[in-house]
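Below you'll find the structure, written out as structure tokens, and then a few comments.
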Amino acid sequence: MEERSLELKKAGLAIPKVLEQNRLLLPYHLYQAKRDWKQIAGEQIAKYSYILDFKDKQVIIAVMNPVYMNYLFMYKNKIIEEINSYVGHRAIADVRFVKKGKKPVRTVYETLEGEVEDVFPKETISQVRLDDATVAHIRRETAHLPEGLREKVVQLRFAQAKRKKAYELEGFAACPRCGRWMAPGEKECLFCRSEARQALKRQIRSHLDDMPWLSWEALAAYLQVPVTAGDVEQAYNEVRRNLIYTYIEKVYYEYDTAADDFTLAMLITRRVPGEIPPKFIENLVAKYRRKDDHVSSPEP
């Protein structure tokens, strides 16, 4: 029979012991890691990724921005180390990255720094008073509903209208493209900006697939943007860098073709085909080819 102590202690001190006795301590720590992903991975990475699930000894990380997929893969071992350090146990042995569109959380509005959750307590919204015209409009639109359902829908519509008015009074506005709330001064929400940026990167990728030697100045002419467009130049650098990583990985793991080697040489040197000696390509491939006694990830 289990011994019971009559000594009063803080409940928080007893919880870990109870969880451990019931083999729930590790799942609890993994839940905390999922909740505190921003603290583990850092603010920048947590903007575009989150822990989706834990399966066996594997953590599944959802990545919203495909650019970060390659970036996070390079730090796979570091992520495993940080999560295990956080939970205080060798609970994770592998990481799997999956693409996801957005976080499964309710977002109130978006800012340049990322997602921001609810900023208005219920008391603030309840203090908002709707004008007579809005009340009458909602009543007219719900007049056709059955009597038992009508008042519930009316109250729901009132709450929605109050919430909208509360945000508008604080200077928030709806994104013109998708309707999400935005902080004052912003023209598009985070998700719409991200979609536009991905479309730009796809356009840049198309040009680099056809002409891997393109410099930023040359690409700017194709895109018909000024060379001073810093955000577009940054997108060009990210696409080009990730293409280089992709081809180096092919070379490293020996599933490259002669065309891949040639493309890698053009991407790195920004030289047109006729300017690259075959010996240069041969030396470049040898540099990045995996050695028998070296099994770590390649670095350009």
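The values are calculated or read from the model by the stated rules, or taken from the named source; none is laboratory data. This is a predicted model, so every value here is computed, not measured. Neighbour counts run over all protein chains shown; Cβ positions are idealised from the backbone, glycine included.
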So, ILE138, is that one at pLDDT 85 or above and within 30 Å of LYS201 (Cβ to Cβ) or not? no
Looking at region 75-110, which of the residues that are more than 18 Å from LYS47 (Cα to Cα), surrounded by 13 or more Cβ atoms within 10 Å (Cβ to Cβ) and modelled with pLDDT under 85 is nearest to the chain's Cα centre (by Cα)? TYR86
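May I ask you to list the residues in region 22-37 that are modelled with pLDDT of 80 or more and exposed (fewer than 15 other Cβ atoms within 10 Å of the Cβ)?
ARG35, ASP36, listed by residue number.
Quick test for you: out of GLY185, GLY171, pick the one residue that is part of a loop (DSSP other than H, G, I, E, B) and under 30 Å from VAL63 (Cβ atoms).
Only one candidate qualifies: GLY185.
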I'd like to know if region 276-283 contains one or more residues that are surrounded by fewer than 14 Cβ atoms within 10 Å (Cβ to Cβ), closer than 18 Å to LEU208 by Cβ and modelled with pLDDT of 90 or more. no
Within region 129-145, can you find the residues that are under 17 Å from ARG163 (Cα atoms) and among the basic types (Lys, Arg)? ARG129
Does region 182-191 include one or more residues that are closer than 27 Å to THR246 by Cβ and surrounded by 17 or more Cβ atoms within 10 Å (Cβ to Cβ)? yes
